[in-house]
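What follows is a short report on a single structure.
What follows draws every value from the coordinates through simple rules; no lab data is involved. Keep in mind it's a predicted model, so treat the numbers as computed, not measured. Every residue, glycine as well, gets a Cβ built from its backbone with ideal geometry; the counts of neighbours run over all protein chains shown.
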């Protein structure tokens, strides 16, 4: 029973992150596109990210909402957060001459260092959700459908 | 849809979060920085497009792109067509401005 409550809390926390993030990208796609084009990334990779990132974020939300796919939602959330965390980590380590532009972020009040720790926190939350969900499956396979 | 929501409380939570998000985005003043661009009267007759807060610089990698910074962080930008000289009197306002308020001072 405790695991179920914990999973619900984790799911809601992740929804509170991903829904605003995905919504902002979709509603103000032009700004998101320009922001990404200013990042110090190869052009091809940037254009791939422009179109896949919003789609993946929406997919995370859909998966988290569905009891059947929630585990995959935790996994995808962890993967995306890991990618973002690594990117910010590289920026903070001085990989590029100047810190990439942070304008356009929904969490725009944060410094790069704060954003790094914020991402790390949500990476941890995603991983915990994944582990708890997997453990729940192992102990009660029926729960896989109920969620 | 009604059945889905009845069976799945998390869907209801997601809808509520989405609704709040959309309402919050409709609120103005959600931009990070408001900087004013315009001609610098002190530089006449060769007026310059400058951020009047004094923190703007032109990039050396992308012609026509002007950025403004606060400490080490880039927070707004404006782009001009490459063939346009933004420092010439009568030059148009920049396009693709991000988090900046662009208006000519004249």
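Its relative contact order, with pairs defined as Cα atoms under 8 Å and 6+ residues apart, puts segment A:2-139 at 33 percent. Taking the Cα atoms of segment A:2-139, the ratio Rg/Rh between the radius of gyration and the Kirkwood radius comes to 0.99. Using the Cβ-Cβ distance between residue A:39 and residue A:13 with R0 = 35 Å, the FRET efficiency computed as 1/(1 + (r/R0)^6) comes to roughly 0.85. Footprinting exposure proxy ranking of A:46, A:23, A:30, A:95, fewest other C-beta atoms within 10 angstrom first, gives A:30, A:95, A:46, A:23.
Put in line by how crowded their Cβ is, counting other Cβ atoms within 10 Å and starting with the fewest, A:116, A:29 read A:29, A:116. Based on the alpha-carbon gyration tensor of segment A:24-92 and its eigenvalue square roots a ≥ b ≥ c, which shape applies: rounded if a/c is under 1.5, prolate if not and a/b is larger than b/c, or oblate? Since a/c reaches 1.5 but b/c is at least a/b, the shape of segment A:24-92 is classed as oblate.
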